Amino acid sequence: MLAIKSLSRSFGGVAAVDNVSFDVQSGHVHSVIGPNGAGKTTLFNLISGVYEPSSGEVLLDNTPINGLPPEELARRGMCRTFQNLQICMNMTACENVMLGAHLHANTGLWSGFLGLTRTADRKLEARAYELMDYVGVESARHAHATQLSFGVLKRLEIARALAANPRLLLLDEPAAGLNDSETHAVGELIRKIAAGGTTVLLVEHDMKMVMAISDHIVVMDQGKKLAEGTAQQVRANPAVVAAYLGVDA
Amino acid sequence: MFNRTTYKKMSDLPQFLFSGLTTGAVYALAALGFSLIYNASGVINFAQGDFLMLSAMVTATLLTKGMALSGSIAIGIAVTVLVGVLLYRLAIQPAGNADVVTLIIITIGASIFIQGVVQVTLGKNQQVLPPWTGDAPLQILGAYVLPQALWVLGTAAVLVAGCAIFFKGTLTGKAMLAVAANRMAAMAVGIPAKRVLQLSFGLSALLGAVAGVVSAPITTTVYDIGLMLGMKGFVAATLGGLGSGVGAVVGGLLVGILEALVAGYISSAYKDAVPFVLIILLLLVMPHGLFGSRKTDRV
Amino acid sequence: MSSATVLKVTGLTSGYGRIEALRGVDLELKAGQLVALVGANGAGKTTLLRTLSGLITARSGTVELLGQDITRLAAETRVRRGLAQVLEGRQVFGPLSVIDNLRLGGYTHKPDPDRIEEMFNLFPILRTKKDQAAWQLSGGQQQMLAMGRALMSRPKVLLLDEPSMGLAPLLVKEVFEVIKRLKDSGVPILLVEQNARAALAIADHGYVLETGRIALSGPASELAADERVRSAYLGI
Amino acid sequence: ADGPIKIGAIVSATGPASFLGDPQQKTLEQYVAKINTEGGVLGRKLSLVLYDDASDANKANAFARRLIIQDEVDIILGASSTGSTMAMVPQIDAAKIPNISLAAASVIVEPVKPFVFKMPHSDRMAAYKVLEDMKKRGFTQVALLSDTGGFGKSGRTETLKAAEALGMKIVEDQTYGEKDTDMTPQLTRAKSSPAQAILLFGTGQAPAIIARNYQQLAIKQPLYTTHGQASLEFVRIAGKASEGIRMPSPALLIAKALPANDPQRKVSVDYATSYETKFKSDVSTFGGYAHDALYLAVDAIKRAGGTDKAKVRAAIEATKGFVGVSGIYTMTPQDHMGLDNSAFRMVEIVNGAFKEVR
Amino acid sequence: MNQRLPLILTALALIALPFALPNNFMLDIAIRIGLAAIAVIGLNLLMGFAGQISIGHAAFVAIGAYGSAIVATRFGWPPLLSIPVSAVGAAIVAWLIAKPILRLKGHSLTMATLGLGVIVNIVLINEVDWTGGPDGMPVPPLAFGSFALVKLGHWYILVAALLFVAIVLSLNLFGSPAGRALRGLHGSEYAARVVGVDVSAFKVRVFIASAVFATVSGSLTGHYLAFISPSIASFAHSVELATMVVLGGMSSTFGAVLGAALLTMLPQLVGGLHGYEAIVFGLVLMLTMMFMPKGLVPSIALRLKKNKGK
Ligand SMILES: Nc1ncnc2c1ncn2[C@@H]1O[C@H](COP(=O)(O)OP(=O)(O)OP(=O)(O)O)[C@@H](O)[C@H]1O
Ligand SMILES: Nc1ncnc2c1ncn2[C@@H]1O[C@H](COP(=O)(O)OP(=O)(O)OP(=O)(O)O)[C@@H](O)[C@H]1O
Ligand SMILES: CC(C)C[C@H](N)C(=O)O
Ligand SMILES: [Mg+2]
Ligand SMILES: [Mg+2]
């Protein structure tokens, strides 16, 4: 459903993403791995409209989406989480998740002023609680965002993205800050999301999780695509082992 | 309307430029103070203009009491720096981790308070300081320039250079930037955040104080002049790019020159409005001002 | 290795506003030791480290550093006495350059160009980016910078809050090696890690924190073998 | 039997117009106390309720209401500026309470509002006085510099009209803001223009700066200002730069130089001395307006035999030959200012003092 | 969260207030507070909800006041018509400038709004033929057909009713999806955008909405005072409005009302302290913000909760 075609982006002469191409199959979990500074987050930023590419193209359902702003991409079914948390610290945890459902709610200013959305809102709230339970932060139900620990916020972001009901979900290091048990749970969660028909594009350094849940893996190094394939193929690739995994991964 | 456009001589240009430069230099010094506190705390200090007023008012009052000019100036500056430090110690620091807007409102309160105290103790009369080196105007490129204007320009240049060295070349200067960027991390590496902030308030009060005494022989001073100077200083600082020393100076000079040229060539009635229109337009093209740094976060 | 206690925490409580995040924590770090602290999200690990370094003030209890009570000291004094911390979530000084970030790491000490050079050798990527603003670095690069910044002060006691977060596997290994080396060179370390397995593997001693209390403690190897720890934190 | 007579006052004691309001406040406080120690009025004490509108017209409006409803005063003096006065007028009209304004513009009393009176010479009179003096000296081309505040703005309008009426030409028409600190661009244009004289119409702090700018630019055309500068304070700030400047002024400024038989001499000298002794600062005509307003009110109340508002109003309107420091007032139903041009003297600053030009 | 209770209490308070006030002067103050509060509630939508700081908002109050006055006096339209006309006019002005201006962030935006205020102020001062210049202009009374609103009691009823409506609208918006979108873009623009919030459209909309609140407040203020002058558009007035928002508590609707109340009353309370007004005023402002940094309403709410907890 997503096609990346010779995508490049440089910052002050340094090519953060350098002529990268690959396709993402719908309903798959597709991972992007690579050393620090390889260009993974930049790639996400290019796909999700945060940056504009220097050259190349991104196609969503065969239509180019270059230069479209994030909100337009959201309307087309894309949503993402961030490596550097983007939680609205002026709202409660639950409101953050409800914000995720923006496109599925009546967001007119008039309706807001006149209070026409009350009943619909109660449903949204119920759904938000459901999602918070789902990602394992039920304890944060009545908390304000400022009162939460890093790991909880991390998962709250996933809940918010899920609330958007995306067809394509981009997750940037969702397991960072989670322990092995929690990482395992998030891995299962991602599989469940994919099974529900949402395509997942994942950046993650936890190889155990990546290898366990990915249908397809792209390896990046210094902005370039280094390799691509299934978990086995990638793991067997000596270049990948040298640049990223290390011998005993 | 008759006559609006009748006598616009190109030969007046040097005069307009010099006039603009002089007012601009005062704005620049006010802007520099803004940038300094902003650099350390992210706060727009609405009392910045009052620092300029305070030093000049104190100095003028001491002069009328018969004290020598140099002594009066020294005390005027010292009092102002003390007030700057106290502003931090008594009003900003106790507010703790309050939002920046909250701190800004505190500075508004401080500005009103300072004006109130000055008005009660030093009076509401307009005051003027004697020029430092005579008041016979010099003729430069056909323009009449007061010797004091050269003092203003020179002082501005020195202070700007000083600020640049402070931020670029000293660890304390960098620590100040670090405190603004991330207070917690700054404390974690052992930067005494409170002392650094206090220093920033003291320094910007010093900048304001010097600006006040050097410009008062030209602009005169009065207890409520701070609002106007503060506003112009803020405009200049934003135009140049808040937080940038060079920006503050260029912004200040630009605002001053724009005002003079608009008054001289276009319309003195709209002399304050035209620069604002231009500045807003410029910001639309360069949202962070002329020398401002771009965003500093990534996602 | 039984030697002097460098960090001794007794009955420590602390929190935010109405929230009490630590409720009477006792903990000890001995000279030359590496102590691992594990716990679920929200257990209070970060709060504990911040309280130790003075970023949050303790509500009750005491903290002793090298035999002296530091419970009420300002953060900068603690740094001057040899405590250094790698903060959770990197927290670099975004607008400042990489090299300035490192310089500020040594703020309480004399300027030390050699030390900067050592940090560059430790994390070579930082050298290539030394004049770039820190916010421009990738997540993992910032993490390295945070680590380097903390080491600049040649700390006598090191508090690490998830130092491997966001690092690529090769670098995780490397960072753990750095930690081990530091420990071997005699720097006592209190390590908070989500990667509990790796942490316990190199630690001498371990504590498990649950909702603000120490739930378990013991030699690291014993903890790693503990059934409850294995199921709750090691994902087994 | 009756309680005190309540005098309400609104002045701009702070803010940009404080140079007007501050001496007015001082004057009112000093003279109310003085009248009371002398036994009050009609056997009743005066009680002054004074508010500072901080040079904000909206505040003046609010305080007017407060004086009327809450303090229930018998008469209102003020406000200091035309804007504040005009903001109070609707309240005055509605409450039918006599009011004596301390502001200048003609609009305050034109058209005549039954309850509103004012003390200062109008901007129109100033414009004529100055232009006539210029004309006498043979100047017909004038550069006008006015501030964008109420006084300067209406002064500009009046000057343009007066120039036309007198067959003179305004060849340069510049403005400046009340809080500006540099007017050299405007003056440079005036200098380069064919103007033979410059008229500065404004009040506040800027004129002193303008005088200094004028000196800096070595301008040859003579500089005129208005009664907005009629105070030694102006001379003090402008310093040497004020030498030779001409302006129309009430007699107060030259009180001591007035001939002994001048009816205004005694009252002016008395006011000037007592103000200067008490406050250790130069007397100003602005405070003088407050002095006159207070005594005019007292005079009217005496003649009305009480504080009945309609009667007091009628009494003020019937004022005849009231000698104040600002002039000799004779009100009529058509004229609620009561001054003519003879009360205005053209003065020039010579050696740091005001000298009457004859 | 129960929304009804505070509303019912507000309604009761608004109804009871005139009976509790000792005299007409207090009633006058209450009316002024109500008028200011309407504008501040609107500004709070922009500043508190959406986090877009404006120190030029008095421009819209002025556009409302002058718009309504000019339409009523120069064109002779009935005030009942001139108020909506100037509101629409202000909305159009807001719409025209919102898009470019709101692309700016942080202090650049603050500066642009400041400029807007200054420009409007200068235009009002200079276009004497329309506005009466710095001396201001009279405004005809608000009339409904032959019934002119002059009695304070009537004004109170009108203003209290409108204030109540404004409070209801603002509270409704707070908890609605649109309100969350606004607060969300305040919290993190990226976060809001990736879930589909058209940030610039929302900023424009809330800018217009807050301009309309300000305009309505301004129009009514003009009619109420019967006179307006350019000081209504002054920088000081803009700062005062922004201060009211922060003082009451950013994003708190009741805070906006309380902020307006405090800053409207304070000058009256200290009005008798000749010369010392500014000192007291400045001190009160500083101390309130120092000890209630989140603003009056949130800080008081927090304190109440704490006591309940004990
Ligand atoms: N806005 C920017 N300005 C300058 N350089 C940038 C910018 N964004 C990214 N870079 C550079 O591009 C390179 C790739 O960064 P990116 O964040 O994409 O890496 P990453 O693969 O996500 O790494 P990590 O695993 O550490 O998060 C880095 O070297 C970084 O410094
Ligand atoms: N700034 C804050 N304000 C209020 N409560 C907070 C704040 N930070 C953390 N908390 C609360 O304190 C408790 C401990 O949080 P802490 O960050 O110490 O946990 P942690 O063990 O570090 O978790 P994580 O593994 O997610 O980093 C949690 O319940 C959290 O919700
Ligand atoms: C000269 C002053 C008495 C005039 C005053 N400034 C006014 O606005 O009318
Ligand atoms: Mg990344
Ligand atoms: Mg933590």
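The values are calculated or read from the model by the stated rules, or taken from the named source; none is laboratory data. Predicted, not measured: the structure shown is a model, and the values here were computed from it. Positions of Cβ are backbone-derived with ideal geometry, glycine not excepted, and every protein chain shown enters the neighbour counts. When the accessible area is computed, the model is the full protein with side chains, heavy atoms only, and any ligands, DNA or RNA have been set aside. Shrake-Rupley method; radii C 1.70, N 1.55, O 1.52, S 1.80 Å.
Express in Å², to the nearest 10, the accessible area of residue A:127 obtained by rolling a 1.4 Å probe over the protein heavy atoms while all chains stay in place.
About 90 Å², ignoring ligands and nucleic acids.
Put one equal scatterer on each alpha carbon of the stretch C:5-232, apply the Debye formula with no solvent term, and list log10 I(q)/I(0) at q = 0.09 1/Å to two decimals.
-0.34
If I take R0 = 60 Å and measure r between the Cβ atoms of residue D:260 and residue E:21 in this structure, what FRET efficiency does the formula 1/(1 + (r/R0)^6) give, to the nearest 0.05?
0.55
Between 0 and 90 degrees, rounded to the nearest ten: what's the tilt of helix B:171-181 against the longest Cα principal axis of chain B?
80
Computed FRET efficiency, Cβ-Cβ of residue B:139 and residue D:240, R0 22 Å: what is it to the nearest 0.05?
Taking R0 as 22 Å, the efficiency between residue B:139 and residue D:240 is 0.70.
Quick check on packing: order D:74-80, A:111-117 by the mean number of other C-beta atoms within 10 Å, highest mean leading.
Packing proxy ranking, top to bottom: D:74-80, A:111-117.
So what's the angle, to the nearest 10 degrees on a 0 to 90 scale, between helix B:273-285 and the longest Cα principal axis of chain B?
50
By per-residue mean of other Cβ atoms within 10 Å, what is the highest-first order of B:68-75, C:137-144, D:88-95?
Ranking, from highest mean packing down: C:137-144, D:88-95, B:68-75.
222 nm [θ] for chain B, helices only, -39500 (n - 2.57) per DSSP H run of 4+, per residue, to 500?
-22500 deg cm²/dmol
Could you size up the charge dipole of chain E around its Cα centre, putting +1 on the beta carbon of Lys and Arg and -1 on that of Asp and Glu, and report it in debye to the nearest 20?
1320
Report the full-extension gain for the segment residue B:93 to residue B:285: residue separation times 0.36 nm, less the Cα-Cα distance, to one decimal in nm.
65.4 nm is the gain from fully extending residue B:93 to residue B:285.
For the stretch A:86-165, what relative contact order do you get, as a whole percent, if you take Cα pairs closer than 8 Å and at least 6 residues apart?
So the answer I get is 52 percent.
Report Rg(Cα)/(2.2 N^0.38 Å) for the protein assembly as shown, keeping two decimals.
That ratio works out to 1.02.
According to a simple spin-label model (label point 7 Å from Cα along Cα-to-Cβ), what is the distance in nm between residue E:13 and residue E:127?
Computed distance between label sites residue E:127 and residue E:13 equals 3.9 nm.
Dividing the alpha-carbon radius of gyration of the stretch C:195-236 by 2.2 N^0.38 Å (N being the number of residues), what value is obtained?
For the stretch C:195-236, the normalised Cα radius of gyration is 1.03.
Percent antiparallel among DSSP beta bridges with both residues in the protein assembly as shown, to the nearest 5?
50
Relative contact order of the stretch B:165-279, please, whole-number percent, based on alpha carbon pairs below 8 angstrom and at least 6 residues apart.
Reported as a whole number, the value is 11 percent.
Given chain A, what percent of its DSSP beta bridges are antiparallel, to the nearest 5?
Roughly 55 percent of the DSSP beta bridges within chain A come out antiparallel.
Can you give me the C-alpha center-to-center distance between the stretch C:7-82 and the stretch D:1-72, rounded to a whole angstrom?
64
So what does the Cα-only Debye profile of chain A read at q = 0.09 Å⁻¹, as log10 I(q)/I(0), no solvent term?
Once normalised to I(0) and log-transformed, intensities are -0.40.
For the residue pair residue A:14 and residue E:146, what label-to-label distance in nm results when each label sits 7 Å from Cα along the Cα-to-beta-carbon direction?
8.2
Considering the options C:215, C:122, C:137, tell which one lies farthest towards the positive end of the dipole of chain C, charges being +1 on Lys and Arg and -1 on Asp and Glu at the Cβ, about the Cα centre.
Positive-end residue among those listed: C:137.
Based on the alpha carbon coordinates of chain E, what radius of gyration and maximum Cα-Cα distance (Dmax) apply, in Å?
Just the Cα atoms of chain E yield Rg and Dmax of 19.2, 64 Å.
Expressed as an acute angle from 0 to 90° and rounded to the nearest 10, what is the orientation of the C-alpha long axis of helix D:123-136 relative to the principal long axis of chain D?
30
Pop out the carbon and sulfur fraction of the accessible area of the stretch A:114-216 as a percent, whole number, probe 1.4 Å.
The value for the stretch A:114-216 is 52 percent carbon and sulfur by accessible area.
What residue among E:48, E:89, E:79 has its Cα farthest toward the positive end of the dipole of the stretch E:17-145, where the charges are +1 on Lys, Arg and -1 on Asp, Glu, each on the Cβ?
The residue sitting most towards the positive pole is E:48.
For chains B and C, what's the summed buried accessible area, probe 1.4 Å, to the nearest 100 square angstrom?
What B and C bury together is about 2200 Å².
For the charge dipole of the stretch E:176-310, defined by +1 on Lys and Arg C-beta atoms and -1 on Asp and Glu C-beta atoms about the Cα centroid, which residue among E:195, E:292, E:214 has the Cα displaced farthest towards the positive pole?
E:195
For the pair residue C:3 and residue C:210, what calculated FRET efficiency results from E = 1/(1 + (r/R0)^6), where r is the Cβ-Cβ distance and R0 = 35 Å, to the nearest 0.05?
0.75
Taking amide H atoms as placed 1.01 Å from N in the peptide plane, list the residues 5 or more away in sequence, or in a different chain, whose amide H sits under 5 Å from that of residue C:24.
Those lying under 5 Å, H to H, from residue C:24 are C:12, C:13, C:14.
Mind putting a number on the dipole of the stretch C:5-232 about its Cα centre? Charges go on the C-beta only, +1 for Lys and Arg and -1 for Asp and Glu, and I need it in Debye to the nearest 20.
400
Hey, got the dipole for chain A? About the Cα centre, +1 on K and R Cβ, -1 on D and E Cβ, debye to the nearest 20?
380
Using Cα pairs closer than 8 Å and at least 6 residues apart in sequence, work out the relative contact order for chain D, in percent.
16
How large is the accessible surface per residue of the stretch A:2-67, computed with a 1.4 Å probe and reported in Å² as a whole number?
Averaged over the residues of the stretch A:2-67, the accessible area is 35 Å².
Hey, any idea what the orientation-averaged projected area of the convex hull of the stretch A:86-165's Cα atoms comes to, in nm²?
Average projection, Cα convex hull of the stretch A:86-165: 5.0 nm².
Arrange the residues D:38, D:178 by how much accessible surface each exposes, largest first, with a 1.4 angstrom probe.
Listed by decreasing accessible area, they come as D:38, D:178.
Given the -39500 (n - 2.57) contribution per DSSP H run of 4+ residues, what per-residue ellipticity at 222 nm results for chain D, rounded to the nearest 500 deg cm²/dmol?
-13000 deg cm²/dmol
Reachable lysines from residue A:208, Cα under 25 Å, same-chain residues fewer than 8 places away excluded?
Within the straight-line limit of under 25 Å, residue A:208 reaches these lysines: A:40, A:154, A:192, A:224, A:225, C:45, C:173, C:180.
Given a 1.4 Å probe, how much area per residue of the stretch C:5-232 is accessible, in Å²?
36
Are there chymotrypsin sites (Phe, Trp or Tyr not before Pro) in the stretch D:255-296 that DSSP puts in a loop and that have at most 12 other Cβ atoms within 10 Å, and which ones?
none
What translational diffusion coefficient, in µm²/s and rounded to a whole number, does the Stokes-Einstein relation yield for the stretch B:7-57 at 4 °C and a viscosity of 1.567 mPa s, taking the hydrodynamic radius as the Kirkwood radius over Cα pairs?
101
When only alpha-carbon atoms are used, what values of Rg and Dmax, in angstrom, describe chain D?
Gyration radius and largest Cα-Cα distance of chain D: 19.7, 69 Å.
Sticking with the crude label model, points 7 Å out along Cα→Cβ, report the distance from residue C:222 to residue D:342 in nm, one decimal please.
Here the modelled spin labels are 11.5 nm apart.
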